[in-house]
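The values are calculated or read from the model by the stated rules, or taken from the named source; none is laboratory data. This structure is a prediction, so every number in the text was calculated from the model and none was measured. In this analysis, Cβ positions are derived from the backbone assuming ideal geometry, glycine residues included, and neighbour counts consider all displayed protein chains. Note: accessible area is taken over every heavy atom of the protein model, side chains too, but ligands, DNA and RNA are not part of it. Shrake-Rupley method; radii C 1.70, N 1.55, O 1.52, S 1.80 Å.
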Amino acid sequence: GVEDQVGPKDGQGYMKVDWTRRAGLLGHASFLSQQHGPTPRGLLIRNALMCGAVPGPPPGAELEAPETFEGQSLRSKSEGLLAKDSCGGCHRLMDSVGLSLDSFATLGRWQDADEFGNAVTSTGELVVFRDAQGMSQNVELAGLTDLADRLADSQSVAECTARNIFVYAFARDHEMSDTC
């Protein structure tokens, strides 16, 4: 719970955050509060950090989405999408990695249970992942710090970061002649 992640209040009423469960940008409230839930968090990681393109939903996808109910956990909703043939392919790329951040609530606060009392776990999977040696693999994740370590050691993320810095610095997209 909250008492596990914060210390006593300082003279101004602020509490210190325990950073042992957080890692870099992905554990920062500015990231976690902008993207809530496994799908948007996973999509951002996949697109912005790994430069992978996840296609948008096919026409009529909302008609095929599994039913949800009040009080259902985000993990349960994601598992329903992953189980659907029409949804599972793309949601496996997003939700599987996004679920590793499930212990962080909407504003980035640590949670052991969601607002409905459902237990929360932060296990996930990084699908089709290239490590520092360029080997592709699916990697089981044990939470945010595990995800951050895997991403930091990823050739895909290193290439994507260089590409993103280029785009930002030159204010234009990269071309094949820029690859070197």
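Only one of the numbered conditions (1) touching a residue at least 60 places away in the same chain (Cβ under 8 Å); (2) part of a loop (DSSP other than H, G, I, E, B); (3) aliphatic (A, V, I, L, M); (4) open to solvent by less than 50 Å² (accessible area, probe 1.4 Å) is not met by VAL54, and that is (1).
Among the residues of segment 46-85, just one is among the polar types (S, T, N, Q) and more than 16 Å from PHE116 (Cβ to Cβ), namely ASN47. For segment 11-25, the candidate set comprises residues that are part of a loop (DSSP other than H, G, I, E, B) and within 22 Å of LEU144 (Cβ to Cβ); within that set, the residue that is modelled with the lowest pLDDT is ASP18.
Looking only at residues in segment 160-180 that are assigned to a helix (DSSP H, G or I) and modelled with pLDDT under 90, the one that is nearest to VAL128 (Cα to Cα) is MET176. Contact annotation: residue pairs with Cβ atoms under 8 Å, 6 or more positions apart or on different chains, pairing a residue in segment 157-180 that is open to solvent by 90 Å² or more (accessible area, probe 1.4 Å) with a partner that is assigned to a helix (DSSP H, G or I), are ASP173/VAL167.
Yes or no, residue by residue, for (1) open to solvent by less than 60 Å² (accessible area, probe 1.4 Å); (2) in contact with a strand residue (DSSP E or B) (Cβ under 8 Å, 6 or more places away or on another chain); (3) in contact (Cβ under 8 Å) with a residue 24 or more places away in the chain:
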| site | (1), (2), (3) |
| --- | --- |
| ARG21 | no, yes, yes |
| PHE69 | no, no, no |
| GLN72 | yes, no, yes |
| CYS87 | yes, no, yes |
| HIS91 | yes, no, yes |
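Are any of the residues in segment 102-115 within 13 Å of ILE45 (Cα to Cα) and in contact (Cβ under 8 Å) with a residue 24 or more places away in the chain? No.
Between SER100, SER136, which is within 29 Å of GLN155 (Cβ to Cβ), hydroxyl-bearing (Ser, Thr, Tyr) and more than 12 Å from the chain's Cα centre (by Cα)? Working first, answer last.
Values: SER100 fails: more than 12 Å from the chain's Cα centre (by Cα).
After ruling out the rest, the residue left standing is SER136.
ASP131 meets the conditions (1) over 14 Å from the mean Cα position of the chain (by Cα); (2) acidic (Asp, Glu); (3) open to solvent by 60 Å² or more (accessible area, probe 1.4 Å) in every case but one. The failed one is (3). Within segment 139-180, restricting attention to residues that are within 21 Å of PHE31 (Cα to Cα) and among the small types (Gly, Ala, Ser), the residue that is farthest from the chain's Cα centre (by Cα) is ALA162.
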